[in-house]
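Inspection log for the structure reproduced underneath, given as structure tokens.
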Amino acid sequence: MKTLTNTKWLTACHVDDAVENGGVCIKHEDQQIALFYFTRRNEWFATQNECPHKRQMILSRGMIGSLGEEPKVACPFHKKTFSLRTGECLSGDECAIKTFPVKVEDGLVYIGVE
Amino acid sequence: MVGNKFCEKLLEKSTDFKLIIFSDEPYRAYDRVHLSDYINKKPLEELYMCSEDWYSSKNISLHLNDPIVHLDVTKQYVESGRGIKLNYDYLVFATGSSAFVPNIPGIEKEGVFVYRTIEDLDLIKAYAGGVQKGAVIGGGLLGLEAAKALMDLGISKTSVIEFAPRLMPRQIDQAASTVLQQKLSALGLETLLSKATASIEGDQKIQHLHFTDGTILEADMLVISAGIRPRDELALKSGIVVGPRGGIVVNKHMQTSEPNIFAIGECALFEEMIYGLVAPGYEMAEVAATTICEGDKSFKGFDMSTKLKLIGVDVASFGDPFIEEPYARTIVFEDKNKGIYKRLNLSPDGKHLLGGMLIGEANSYNMLLQTVNNRLVLPENPEDLVFGERSASGQSASTGIAALPDDALICSCEGITKAQICHAVTEQNCENADAVKKCTKAGSGCGGCVPMVKDLVTMTLKQQGKYIRNVICEHFQLSRQELYDLVKIHELKTYDEILDGLGKGDGCEVCKPLVSSLLASTWNEMILQKGNDTAQDSNDRFLANIQKGGTYSVVPRIPGGEIRPDKLIVIGQVAQKYGLYTKITGGQRIDMFGAHLNDLPFIWEELIEAGFESGHAYGKALRTVKSCVGSTWCRFGLHDSVSFAIRIEERYRGIRAPHKFKSAVSGCIRECAEAQSKDFGIIATEKGWNLYVCGNGGSKPQHALLLASDIDSETCIRYLDRFLMFYIRTADPLTRTATWLNKMDGGIDYLRNVIVNDSLDMAQQWEEEMEKLILAYTCEWKAAIETPQIRKRFSHFVNVPDEKDTSVRFEEMRGQKKAADWNTPSITS
Ligand code: SRM
Ligand SMILES: Cc1cc2nc3c(=O)[nH]c(=O)nc-3n(C[C@H](O)[C@H](O)[C@H](O)COP(=O)(O)OP(=O)(O)OC[C@H]3O[C@@H](n4cnc5c(N)ncnc54)[C@H](O)[C@@H]3O)c2cc1C
Ligand code: SF4
Ligand code: FES
């Protein structure tokens, strides 16, 4: 995960509100961010909620998993998969998605939005 | 592209040469074939053909953005634009071509582009913002690709203008063009044929195109794709022989009129032909490199067969696509409805395939191309080659590849033969197509041969006696059936337990839904219990089918299709209250579309209150048991088909299986419920019921087969319990009953022996297991709305749970709503 110097941390939700081994969607101004709690690996990830394939606001409802070591999410519409770490599209030609840093403090989840 | 390949090939053969590359473009060699991906935001980094440090690691000097401007063939030196002067022993032209720009008045206007380089695309992208109407001159391969790029850039009204009376005039015939044109127009691309452009009008910027027939087309932007022009200008200036219509003339060793100067790729003219594809260019690179290393290899011309996906439509042409009577016999297959056109040209004696074309469906392209290139003798009914895709295609392809000779060229981009691929499997232990790609480079070019590489790997592994297990995915080295047995034996109940105990890694979108469905078939517990919800397929996870735009559909169960007026009214009221689109489904019930995730629990609360329950339209479970009205009203009805349908639907509702399954009951042999197209269908006879099994509608319709005749209701249900349990236990994931039976050794006779005669001695166990599943049934929507943790998941934003997704868009149609179209035009379907 990248550490940014001037990160603005958005308070996303309580740890308890996140879905274990799945995603939830966070509204941040006009943006939608998908937040994933990869409980199996004890890792958190955040990406844009929009799937670039057909530009659907949906990735938070996608299924997460791994390809080798790489954590990934699969879009529910046509099962394109994206790396949760880098945002890279793992199923060929589609473009990458944006990822955000996440931190957890005192039971609250924060997403680095800038 | 070809210049770079030449360097690779030369270095493989000898390290005695010092290589110096000059390029006109500011970028190192990139993959022009996939140039359009750049429009769809593929980073340039991924289009490069080699890493940045490849050149230095091979001791190659690379001069970018510095074209050669002068060549002295007698003193053997070149001079670059930046003034570098160098002597050479050998010189290779791989200067490619530029777009041919016809001399139309107004062509210099702003908004007119060509489509060849990264720089062209950058200009096009920069101009496209805000453009409404786009046009492309040229309806060939590249023109259609450019049109697709304009659509991908969001220019929804794009037209292609072609001078000839058909699209892709060099590859396909008139009838094929008509089918392609229809398909393209359905995708929003207009084609104008037999149109010659007289002028481009507009002040400064393009606004209109005027045609010679007097018609006009509005366009804010135009891409010219009227053909290519070999870049032979330097050769011409230096006294090297070029053809009358361009192209540097070469012999079969790729030598120009100066024996130590070579030309390869799109700038080379071999036997009066320019080869505008990469595969022949790569072969030329191989020939030139061999000649320079004093080997003996010659270029023998090249097959110009192509297969591509244009805006999601498969188009392929191979061999001689146009040859006609009396030199050939032609077989044509056309399905206007589906937009499929196939033409095969056979030798007059019908023994060999000479060429053909495929539009709309091109799965058999590789096999057909191999059949042409290797002069394979055709089967007795050559039409099977085009219709054959309907039957088990895996089978016909594998017997097909076995018949290919060892030197059959499989990957024409990289020149890899069947023998090399099989060798990679036997000697280098490659066990899948990816490994073969790494070892041999097969499939790394255009990728068209990958399906065939896969088939070859499977065939070779089988020949070696290696057991090809149908494993689930990288996380489970087990087949579905093995996993099913293990889950039962160890009484495993959650996905995580199963992954920890029997798998590895963190799971994926293949194994999670599969395991969830196994768990559901085995225990029939509420599928959304904590820990299992995120392992469900998206539709199961939200107990509804997701639709375009991210809303859901709501389908309450209406057993047998029978519904009381008061319940109809409730459906109407609910649909009205939540603004849902309503439609009668093909399964005799009512679907309400366009529900926001947040609304689902409220909608179901009202439906359940009125006595409805989940219809499992989202699950791999029983869908509908359709009925005809039967003996209660119909003058021909033999028994009460509606009551029996309701009984069956209520018995098997909610039971999870490898795939969805459907049923129907008809009151007589007129068969108004279409029972013979169902996974199990029941038809009334004078003496009882006839039970049919393993039918299928859908994409490969298949009639159900008679399992037992004239049986009473109780027997029928007993047989069904056994039949369904046998299916649930043994079918592969996502296999309908028809396909399951097709793969079963012994077919229907074996199945009848198992179900009716209990040949496996399993009947009692299966009946008991089924009884347990039936007892465990509850309506999962009821459970979902009553369990707070589950209900909480039905909201779009976790931080503002009451707010609905504002990105959802609808449009109006016939007084109801429909989902707005996808936000972007599709890229590859
Ligand atoms: C709604 C409905 C169309 C309609 O408006 O009439 C429909 C809609 C869908 N069908 Fe269907 N099918 C519908 C009746 C049928 C029928 C007719 C029937 O059941 O008598 C068939 C042919 C019969 C058969 O299945 O053998 C049918 C054959 C398919 C198939 C092809 C199955 C096959 O074996 O080839 C699919 C694809 C699949 O399941 O993989 C499919 C898949 C789908 C999906 C689930 C596609 C998807 O993944 O989104 C559609 C879901 C829409 C939704 O969200 O509700 N649908 N579909 C019909 C719902 C019936 C119902 O009340 O449950
Ligand atoms: C959009 C598009 C899609 C395509 N799709 C396919 C496809 O699906 N399948 C297929 O087989 N083919 C396809 N092609 C064709 C394929 O890209 C060409 O056949 C291939 O690039 C030819 O390689 P080349 O090395 O001969 O020429 P190029 O790749 O054009 O390379 C020539 C290079 O030489 C440089 N140059 C020219 N003159 C000089 C000079 N005097 N000094 C220095 N440098 C110079 C040029 O700037 C250029 O960089 C496509 C082409 C385009 C444009
Ligand atoms: S036929 Fe195709 S488009 Fe129509 S409902 Fe079924 S799956 Fe959807
Ligand atoms: S919209 Fe995400 S894969 Fe198609």
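Here, each number is a calculation from the coordinates, and none is a lab measurement. Note that this is a predicted model, so its numbers are computed, not measured. Here the Cβ positions follow ideal geometry from the backbone for every residue, glycine too, while neighbour counts run over all protein chains shown.
Sorted by packing (mean other beta-carbon atoms within 10 Å per residue), highest first, where do B:410-419, B:791-800 land?
Details: B:410-419: 21.8, B:791-800: 19.3.
Output ranking for B:410-419, B:791-800: B:410-419, B:791-800.
Taking region B:263-304, which GluC sites (Glu not before Pro) meet the DSSP loop condition and have no more than 14 other C-beta atoms within 10 Å?
Here the GluC sites (Glu not before Pro) that fit, given the DSSP loop and packing criteria, are B:Glu271, B:Glu272, B:Glu294.
Roughly how tilted is helix B:641-652, in degrees to the nearest 10 and between 0 and 90, from the longest Cα axis of chain B?
The helix B:641-652 is inclined about 70 degrees to chain B.
How many partner chain Cβ atoms sit within 10 Å of a residue's Cβ in peptide B:542-552, on average, as a whole number? Please report the intermediate quantities before stating the final value.
Values: counts 2, 0, 0, 0, 5, 1, 3, 5, 8, 0, 0.
Taking all residues of B:542-552 together, the mean is 2.
How shielded is B:793-806 by partner chains, expressed as the average number of their Cβ atoms within 10 Å of its Cβ atoms?
Other-chain Cβ atoms within 10 Å of each residue's Cβ, averaged: 5.
Could you work out how far the C-alpha centroid of region B:689-760 sits from that of region B:25-39, in angstrom?
One Cα centre to the other: 54 Å.
Tabulate in residue order the Karplus-calculated ³J(HN,Hα) for region B:340-354, using 6.51 cos²θ - 1.76 cosθ + 1.60 with θ = phi - 60°, rounded to whole Hz; enter x for Gly and Pro.
Residue by residue, region B:340-354 yields 10, 9, 9, 10, 10, 10, 9, 5, x, 7, x, 8, 10, 9, 9 Hz.
At 222 nm, what helix-only mean residue ellipticity would chain B give, in deg cm²/dmol to the nearest 500, using -39500 (n - 2.57) for each DSSP H run of four or more?
-9000 deg cm²/dmol
May I ask for the distance between the Cα centers of region B:588-629 and region A:1-61, given as a whole number of Å?
31
In whole Å, what are the Cα extents of region B:674-829 along the three principal axes, biggest one first?
Result, largest extent first: 60, 38, 33 Å.
For region B:13-75, I need the span (max minus min coordinate) of the C-alpha atoms along each principal axis, in Å, sorted largest to smallest.
Each principal axis gives a Cα extent; for region B:13-75 these are 47, 27, 18 Å.
Return the FRET efficiency for the residue pair B:Asn381, B:Lys466: r is the Cβ-Cβ distance, R0 is 22 Å, and the value is rounded to the nearest 0.05.
0.05
Among A:Glu50, B:Glu46, A:Glu105, which comes first, then next, by fewest other beta-carbon atoms within 10 Å?
Sorted ascending by nearby Cβ count, the order is A:Glu105, B:Glu46, A:Glu50.
Based on the Cα atoms of the protein assembly as shown, what semi-axes does the equivalent ellipsoid have, where each is the square root of 5 times one gyration tensor eigenvalue, given in whole Å with the largest first?
Details: eigenvalues 595, 230, 176 Å².
Sorted largest first and rounded, they come to 55, 34, 30 Å.
Can you give the local net charge around B:Ile785? Use residues other than it whose beta-carbon is closer than 9 angstrom to its beta-carbon, Lys and Arg +1, Asp and Glu -1.
After counting each charged neighbour, the total is 0.
With Rg and the Kirkwood Rh both taken from Cα atoms, where does Rg over Rh land for region B:589-642? Walk me through the numbers on the way to the answer.
Numbers: Rg = 16.0 Å, Rh = 14.0 Å.
Reported Rg/Rh (Cα atoms, Kirkwood Rh): 1.14.
What percent do you get for the relative contact order of chain A when only Cα pairs under 8 Å and 6+ apart count? Before the final figure, lay out each step's value.
Working: 248 pairs, mean separation 31.6, N = 114.
The value is 28 percent.
Please list 3J(HN,Hα) in residue order for region B:91-108, calculated via the Karplus relation 6.51 cos²θ - 1.76 cosθ + 1.60 where θ = phi - 60°; whole Hz, with x for glycine and proline.
Each residue's phi maps through the Karplus curve to give 10, 10, 8, 10, 8, x, 9, 10, 5, 7, 10, x, 8, 9, x, x, 5, 7 Hz.
May I ask for the longest run of chain A untouched by trypsin sites (Lys or Arg not before Pro) that are loop-located per DSSP and have at most 10 neighbouring C-beta atoms (other than their own) within 10 Å?
In chain A, the maximal stretch lacking such sites is A:9-114.
In which sequence would B:Met367, B:Met526, B:Met273 go, from the one with the fewest C-beta neighbours within 10 Å to the one with the most?
B:Met273, B:Met526, B:Met367
Going 7 Å from the Cα of B:Glu25 along its beta-carbon direction, which residues of region B:64-98 have the amide nitrogen within less than 14 Å of the resulting point?
The answer is B:64-67, B:94-98.
Can you list the residues, at least 5 places off or on another chain, whose amide H is less than 5 Å from the amide H of A:Leu10, using H built in the peptide plane?
Residues meeting the amide H criterion: A:Ile111, A:Gly112, A:Val113.
Which of the cysteines found in chain A have nothing to pair with, since no other Cys Cβ lies under 4.7 Å from theirs?
Lacking a cysteine Cβ partner under 4.7 Å: A:Cys13, A:Cys25, A:Cys89, A:Cys95.
Please list, in order along region B:505-519, the HN-Hα scalar couplings obtained from phi with the Karplus expression 6.51 cos²θ - 1.76 cosθ + 1.60 (θ = phi - 60°), rounded to whole Hz, x for Gly and Pro.
Values, residue by residue: x, 10, x, 6, 6, 8, 7, 4, x, 5, 5, 4, 5, 4, 4 Hz.
Step through the table entries A:Lys80/A:Lys103; B:Lys418/B:Lys441; B:Lys626/B:Lys662; B:Lys157/B:Lys307; B:Lys548/B:Lys583, compare each Cα-Cα distance with 19 Å, and write down the pairs that go over it.
In this structure, A:Lys80/A:Lys103; B:Lys157/B:Lys307 exceed 19 Å between Cα atoms.
When Rg is the radius of gyration of the Cα atoms in chain B and Rh is its Kirkwood radius, what does Rg/Rh come to?
That ratio equals 1.02.
So who's got an amide H within less than 5 Å of the one on B:Tyr48, skipping anything under 5 residues away but keeping other chains? H placed 1.01 Å off N, in plane.
Under 5 Å from the amide H of B:Tyr48 lie the amide H atoms of B:Asp31, each far enough along the sequence or on another chain.
Nearest 10 degrees, 0 to 90: what angle lies between the long axis of helix B:565-577 and the longest principal axis of chain B (Cα atoms)?
That helix lies at roughly 40 degrees to the long axis.
Take the alpha carbon atoms of region B:100-181, find their radius of gyration, then divide it by 2.2 N^0.38 Å using N residues; give the quotient.
Output field value: 1.14.
Jot down the radius of gyration and Dmax of region A:19-103, Cα atoms only, both in angstrom.
That works out to 11.4, 35 Å for Rg and Dmax.
With a Förster radius of 25 Å, plug the Cβ-Cβ distance of B:Gln204 and B:Glu45 into 1/(1 + (r/R0)^6) and report the FRET value to the nearest 0.05.
The formula returns an efficiency of 0.10 here.
For region B:622-687, state what percent of all Cα-Cα pairs lands in each successive 5 Å bin, counting from 0 Å until the bin that includes the largest distance.
Using 5 Å bins, I get a P(r) of 4, 22, 29, 22, 13, 6, 3, 0 for region B:622-687.
Which trypsin sites (Lys or Arg not before Pro) does region B:730-790 hold that lie in a coil by DSSP with at most 14 other beta carbons within 10 Å?
Filter output for region B:730-790: B:Lys743.
Are there any GluC sites (Glu not before Pro) in region B:655-739 that are in a DSSP loop and have at most 12 other Cβ atoms within 10 Å? List them by number.
B:Glu686
Evaluate the Debye formula for region B:703-782 with equal point scatterers sitting on the alpha carbons, no solvent, and hand back log10 of I(q)/I(0) at q = 0.10, 0.12, 0.17 Å⁻¹, in q order, two decimals.
Those come out to -0.27, -0.38, -0.74, one per q.
Note the angle between two axes, namely the Cα long axis of helix B:480-490 and the longest principal axis of the Cα atoms of chain B, as a number of degrees from 0 to 90, rounded to the nearest 10.
The angle comes out near 50 degrees.
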